[in-house]
Amino acid sequence: MSPGVVAPPRSDLRHTPGDTPPHSTFGSLRIRNYRLFFTGQVISNTGTWMQRIAQDWLVLSLTGSAAAVGITTALQFLPMLLFGLYGGVLVDRLPKRPLLIFTQSAMGATGLALGVLTLTGQVHVWHVYATAFVLGLVTVVDNPARQTFVSEMVGPDQLSNAVSLNSANFQSARLVGPAVAGVLIGAVGSGYAFVFNGLSFLAPIAALLLMRTTELRAVEPTPRGKGQLREGLRYVAGRPDLIWPIVLVGFIGTFGFNFAIWLTAFTGTVFHSGAQTYGLLNTLMAVGSLAGALLAARRGTSRLRVLVAAAVVFGFLEVVAAMTPSLWLFAFLLVPIGMFGLTVNVTANSSIQMATDPAMRGRVMALYMMVFTGGTPVGAPLVGWITDTYGARLGFAAGGAISMIAAVVIGLILARIAGLRLRELGGTRLIAGEAR
């Protein structure tokens, strides 16, 4: 199929990874190139989570404001909102492996720069803002490149499994990173967490260099041409099985995934605890997220009804958690919140990739990442303001309620589309029968 042709949507609005299902939860790891990639990402993801925790805590320490944490998060994701689609065009035009070597190197440099500023006592909040924005610029290209490079390593039959294992990888690092960061911050401050993150990018760079390029299923780069951005948008607009999941993850990413704001606020203003408690809460959420990723890897299919159901439960649990009176009940609820939130992310990601023409995949995944993470510059300051003004409980509950309502509405839309198509198929069969 050529990139300009819009594929007809599947009548059942679901997608499977191929004729051959994954053999096991860890089936993708049988592939050497993906195994190298996975190992490198374990190390760099641990550093990334250490930096996330250290960055949020550093901003809160410098300003005392949950809104300032929201601004930092917004600046990190603002480039994705502004330039995300252009990043997708670049990813479709360029070979993925050398592109990733460049982006991973640049991301490591930002961590080292912030670490040096912090360790020398020269850091100010504007330094954190600037570093977050530069990191966001690199992510504009790095995110869709990493997402689409997975299919080049494993092929279509293992794509859903590999996407799930990527998420499991990220969440496994989340189990270690926040806990280590919490201890490190309490003992020697945030600077060493930033330095570790910068050095951790040496691992994925080495993994990329060691790959056997002959074993990659490389997609022919799209030649440079006019209108490629509009072409990608038209492609998605004509596919309800792509556009509505993207809209749903946009709502959830904008309003439901502001945990950097909520967990710092609950730790400091509701439960009056410190960095260790904040690290613990992030770790417990990671336990649930890891469980969700492994279940998705085992399932091996990506159904839109699973996406909608998980999104409804995710929003509902956020509302419930916002009202809990005790720290331990709040902490307990973070486990299923993490599990259902990760299920939303993995299911949307893999179903969209498997439904997309490979020549369009960079642009489609850039749109997906732009909507999922690019909504943060809008949602994070708003949620941070609500949290500062009306309290952490109302801010958390509002994010969950918006996510839940969006999931219900989009689920009804998808059900209606599926019903119309089934009737169309029935009519086609009836006409064919009369013709015979």
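Checking Ala359 against (1) at pLDDT 80 or above; (2) more than 19 Å from the chain's Cα centre (by Cα), which single condition isn't satisfied?
(1)
Mind listing whichever residues of region 137-174 are polar (S, T, N, Q) and open to solvent by 30 Å² or more (accessible area, probe 1.4 Å)?
Within region 137-174, Gln147, Asn166, Ser172 qualify.
In this structure, does Arg146 turn out to be under 15 Å from the mean Cα position of the chain (by Cα) and of a type in the set (Lys, Arg)?
yes
Given Thr48, Thr73, which one is under 22 Å from Leu290 (Cβ atoms) and either more than 19 Å from the chain's Cα centre (by Cα) or touching a residue at least 40 places away in the same chain (Cβ under 8 Å) (or both)?
Thr48
Please find, among Arg230, Arg217, the residue that is over 30 Å from Leu62 (Cβ atoms), among the charged types (D, E, K, R) and in a loop (DSSP other than H, G, I, E, B).
Residue meeting the stated conditions: Arg217.
Go over the candidates Leu99, Leu81 one by one and state the one that is closer than 17 Å to Gly362 by Cα, buried (at least 18 other Cβ atoms within 10 Å of the Cβ) and out of contact with any Gly (no Cβ under 9 Å at 6 or more places or on another chain).
Of Leu99, Leu81, the one residue that is closer than 17 Å to Gly362 by Cα, buried (at least 18 other Cβ atoms within 10 Å of the Cβ) and out of contact with any Gly (no Cβ under 9 Å at 6 or more places or on another chain) is Leu99.
Could you list all residues from region 85-132 that are among the aromatic types (Phe, Trp, Tyr) and under 20 Å from the mean Cα position of the chain (by Cα)?
Tyr86 - this is the single residue of region 85-132 that is among the aromatic types (Phe, Trp, Tyr) and under 20 Å from the mean Cα position of the chain (by Cα).
Give the residue, chosen from Val319, Val287, Val313, Val270, that is surrounded by fewer than 21 Cβ atoms within 10 Å (Cβ to Cβ) and without any contact (Cβ under 8 Å) to a residue 60 or more places away in the chain.
Val313
Please work out which one of (1) open to solvent by 20 Å² or more (accessible area, probe 1.4 Å); (2) at pLDDT below 80; (3) closer than 23 Å to Leu263 by Cα is the condition Gly375 fails and give its number.
Only one criterion in (1) open to solvent by 20 Å² or more (accessible area, probe 1.4 Å); (2) at pLDDT below 80; (3) closer than 23 Å to Leu263 by Cα is unmet by Gly375, namely (1).
Could you please find all residues in region 384-415 being among the β-branched types (Val, Ile, Thr), surrounded by fewer than 19 Cβ atoms within 10 Å (Cβ to Cβ) and under 22 Å from Ser326 (Cα atoms)?
Selection gives Thr389 alone.
Tell me, which residue of region 211-253 that is polar (S, T, N, Q) and modelled with pLDDT of 85 or more is least open to solvent (accessible area, probe 1.4 Å)?
Of everything passing the filter in region 211-253, Thr213 is least open to solvent (accessible area, probe 1.4 Å).
Return yes when Leu280 is surrounded by 15 or more Cβ atoms within 10 Å (Cβ to Cβ) and touching a residue at least 24 places away in the same chain (Cβ under 8 Å) and no when it is not.
It is true that Leu280 is surrounded by 15 or more Cβ atoms within 10 Å (Cβ to Cβ) and touching a residue at least 24 places away in the same chain (Cβ under 8 Å).
The values are calculated or read from the model by the stated rules, or taken from the named source; none is laboratory data. Note that the structure is predicted; figures quoted are calculated from it, not measured. Cβ coordinates were reconstructed from backbone atoms using ideal geometry, including for glycine residues, and neighbour counts include every protein chain displayed. All accessible areas refer to the heavy atoms of the entire protein, side chains included, with ligands and DNA or RNA removed. Shrake-Rupley method; radii C 1.70, N 1.55, O 1.52, S 1.80 Å.
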